[in-house]
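Participant: Got a structure for you, written out below as structure tokens; questions coming shortly.
Here, each number is a calculation from the coordinates, and none is a lab measurement. This structure is a prediction, so every number in the text was calculated from the model and none was measured. Because the Cβ atoms are built from the backbone with ideal geometry, glycine has one as well, and the counts that use them run over all protein chains shown.
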Amino acid sequence: MARSKKEAQNILEVAIVGAGVSGLGMGIQLLKAGETNFKIFDKGHDVGGTWRDNTYPGCGCDVKSSLYSYSFEPWAEWSNSYAKQGEIYKYLRHCATKYGVYPYIQFNTSITGSVFDEQAGLWNITTADGKTIQARNVVTAVGPFSAPKVAEFKGAEKFKGKTVHTAAWDHSVELEGKRVGLIGTGATAVQVGPAIADKVKNLVVFQRTANWIMPRPDRNIEEAEKALNRKTPLNMKMNRLGVYWFNELTAPFLILKYDMFKAQPEKMSSSYLARKVKDPELRKKLTPTFKFGCKRVLVSSDWYPTMQKEHVHLETNAIDCITEKGIRTADGVEHELDVIIYATGYEVRHTGSPIDAKGIGGASLNEKWKEGSEAYQGISTAGFPNLYFLVGPFTGPGHTSVIAYAEAQIGYVIQAIKLRQKRKLKAISVKPEVEKKFVDTMDFRSDHTVWKSGCASWYLSPNGRNNTLYPGLNAEYRMRVARFNPAEYVLTGPNGKIVKPTMTDHVSTGLMALKAA
Ligand code: NAP
């Protein structure tokens, strides 16, 4: 059916879901590529995603800022080599302003569903307030850390004090001089615990599993260095390169399961623990019982000192229940508390779709992914044309910055979008056999990773499969996605017939890849 000019004008070339690090990066790169017919939809009031929403005390990044920033926008203003949440949020707002992305963002808008119209080659996207948006391409950039995971404990509703989750921090909760319980000892807990310890009357940390910890080589960046960085961005680029390759070279120690890669880092982490914690009983409690890297290795120089403060108690008896007055542990002791902090992580999606999408023939993505989400390069899945995922299945960072994955994927998606425009294609859909081969490779490689060596973590789905992290080096992943290969996709032409990629399609994606390199 022919579309009126007005209808055609309202059709977006790209709808992006989420204005966090990857969605914002996508918007910036579209503008750089000359594409202005796009919109980013975000449920929040500003850019930043997890860095806008996570405001718990001590919140920061355990990847150095020189790498946890866009490669095209090094920033001279970081006050520390490891940035805190406030500065990362500020940096992302700076990028959105500098690259002119704000006018392209529609805030306070939740996307509820998306249906592909095969005849028109369009996604009909619905919002929570009942509106429909049409777009030729949809890019989901929703990230894994948006919904807090509230661990359920018997009697939780009886507690008369205050309860707060780190992922939805309530700044009205008073901690000064209070008796505080902290549940969890993961990446978040080791930031919040030290940040609040000196304020509270006493702190009880409820630990279920001790983690491997490495010291955090943080340092202040003095004004003189900032001035040098402002003048010579090359300095920042070299710094970034150094951090990137250090992470790449140490990746096998974090990723692979074999003992030859475990002995050295376990020795380093154990000797750090031995140097910092003299009390053998406390040291024993803090000693992990699983292989290095199976769960996320924590980076903290103040967790062990905090655990040794007089008014801090590390409780390793399991939580039995929550009472009116506090937390009762399995040994029958009731820890009386004024505030309970849940640092129990996020509901990370392993199955089902981040948006309710209906693809070719009305097939449901939720249904397709009910046993586990899978996508070719983590980016596209068969039967759902012109739909792309950023930091999708299998492409989370195990050892480096998530931005290194997102940027590589953005380049790939832009090549696909440009190809669609050039050939006026109705649909670009990955071939099922191509996707399967990739997924099989990911499963095979995951069997060699330490993530499946027997510990429980958010990396694994309930059936013990890794479809979260990339089981390899980022440099290798970047090579995989450097060029969008049209031959791996089914291309549907403007008349609804399948078309073959031409030599110029290959050349143009190749040239785009070269330009981005
Ligand atoms: P997490 O790694 O899932 O840790 C949750 C903690 O809560 C664990 O110690 C867990 O114990 C404990 N827990 C959960 N349920 C429990 C229960 N029922 N009873 C007792 N303890 C329970 O979550 P997270 O610390 O929020 O970190 C999640 C991810 O966010 C990180 O791996 C990281 O990727 C990201 N993050 C990154 C940064 C950064 O600096 N870039 C900072 C914070 C978070 P078990 O270990 O026994 O399960």
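Participant: Translational D (Stokes-Einstein, µm²/s) of the range 61-202 at 25 °C and 0.890 mPa s when Rh comes from the Kirkwood sum over C-alpha pairs?
Facilitator: D, rounded to a whole number, is 125 µm²/s.
Participant: To continue, here is another question. Do me a favour and compute the ellipsoid semi-axes for the range 166-303 from its Cα gyration tensor, root of five times each eigenvalue, largest one first, whole Å.
Facilitator: Largest first, the range 166-303 gives 30, 25, 14 Å.
Participant: If you don't mind, another one. Enumerate the helices in the chain for which the Kyte-Doolittle hydropathy averages 0.0 or more and the C-alpha atoms extend at least 30 Å along the helix's axis, using complete DSSP H runs.
Facilitator: Taking the DSSP H segments of the chain (at least 30 Å long, mean hydropathy at least 0.0), we get 233-255, 402-423.
Participant: In debye to the nearest 20, how big a dipole does the range 221-299 give about its Cα centre with +1 on each Lys and Arg Cβ and -1 on each Asp and Glu Cβ?
Facilitator: 200 debye
Participant: Label points 7 Å out from Cα along the Cβ direction at Q308 and K431: separation in nm?
Facilitator: 6.1 nm
Participant: Could you tell me which trypsin sites (Lys or Arg not before Pro) in the range 324-377 are loop residues by DSSP with no more than 10 other beta carbons within 10 angstrom of their beta carbon?
Facilitator: Sparse-neighbourhood loop trypsin sites (Lys or Arg not before Pro): none present.
Participant: Another question about this same structure. Report the label-to-label distance for H171 and I360 in nanometres (one decimal), using points 7 Å from each Cα along the Cα→Cβ vector.
Facilitator: In this crude label model, H171 to I360 measures out at 5.0 nm.
Participant: Give the residue from V21, I360, H94 lying farthest towards the positive end of the charge dipole for the chain; charges sit on Cβ (+1 for Lys and Arg, -1 for Asp and Glu) and the dipole is referred to the Cα centre.
Facilitator: I360
Participant: Mean 1/r over all different Cα pairs, inverted: what Kirkwood radius does the range 130-202 give, in Å?
Facilitator: Across the range 130-202, the inverse of the average 1/r is 15.6 Å.
Participant: If you don't mind, another one. Run through the range 126-208 and list the GluC sites (Glu not before Pro) located in a DSSP loop whose Cβ has at most 16 other Cβ atoms within 10 Å.
Facilitator: E152, E174, E176
Participant: What whole-number value in cubic angstrom gives the convex hull volume per residue for the C-alpha atoms of the range 278-431?
Facilitator: Hull volume normalised by residue count: 190 Å³.
Participant: Here's a follow-up. Per 0.36 nm of contour for each residue apart, how much would the distance between A224 and T289 grow if the chain were fully extended, relative to their Cα-Cα spacing?
Facilitator: Full extension of this stretch gives 19.0 nm more.
Participant: Based on the Kirkwood radius over alpha-carbon pairs, what value in µm²/s does the Stokes-Einstein equation return for the translational diffusion coefficient of the range 269-358 at 4 °C and 1.567 mPa s?
Facilitator: In µm²/s, the coefficient is 78.
Participant: Follow-up question, since we're still on this one. Pull out the extension gain between E324 and V150, defined as 0.36 nm times the separation in residues minus the alpha carbon to alpha carbon distance; nm, one decimal.
Facilitator: So the extension gain works out to 60.8 nm.
Participant: So what is Rg over Rh here for the range 82-164, counting just Cα atoms and using Kirkwood for Rh?
Facilitator: Here Rg/Rh amounts to 1.13.
Participant: While we're on this one: Enumerate the amide H contacts of I105 below 5 Å, restricted to partners 5 or more residues apart or on another chain; note that Pro and chain-start residues carry no placed amide H.
Facilitator: Close amide H contacts, sequence-distant or interchain: I40.
Participant: Can I ask one more? At 10 °C and 1.306 mPa s, what whole-number value in µm²/s does Stokes-Einstein give for the translational diffusion of the chain, with Rh from the Kirkwood sum over Cα pairs?
Facilitator: In µm²/s, the coefficient rounds to 65.
Participant: Trypsin sites (Lys or Arg not before Pro), restricted to the range 199-257: which are DSSP loop and have at most 10 other Cβ atoms within 10 Å?
Facilitator: Sites meeting the loop and neighbour criteria: R219.
Participant: Right, here's the next one. What do you get for Rg/Rh of the range 33-105 when both radii come from the Cα atoms and Rh is the Kirkwood radius?
Facilitator: 0.99
Participant: Determine the alpha carbon to alpha carbon distance for each of K358/K515; K358/K497; K32/K98; K64/K90; K262/K452 and list only those over 24 Å.
Facilitator: Violating the 24 Å Cα-Cα cut-off are K358/K515.
Participant: Straight-line reach from K276: which lysines have a Cα under 20 Å away, not including same-chain ones fewer than 8 places off?
Facilitator: The qualifying lysines are K267, K284, K285, K309.
Participant: Another question, if that's okay. Among W451, V180, V150, which residue has its Cα furthest toward the positive end of the charge dipole of the chain, with +1 on Lys/Arg Cβ and -1 on Asp/Glu Cβ?
Facilitator: Checked the options; the winner is W451.
Participant: So if R0 is 56 Å, what FRET efficiency would S271 and E13 give, r being the distance between their Cβ atoms, rounded to the nearest 0.05?
Facilitator: FRET efficiency, S271 to E13: 0.50.
Participant: Want the number for T232 to K90: 0.36 nm per residue separation, take away the alpha-carbon distance, what's left?
Facilitator: Length difference between fully extended and current span is 49.0 nm.
Participant: Which values of log₁₀ I(q)/I(0), to two decimal places, follow from the Debye formula for the range 401-517 at q = 0.12, 0.15, 0.20 Å⁻¹ with a uniform point scatterer at every Cα?
Facilitator: Each listed q maps to, in turn, -0.54, -0.78, -1.10.
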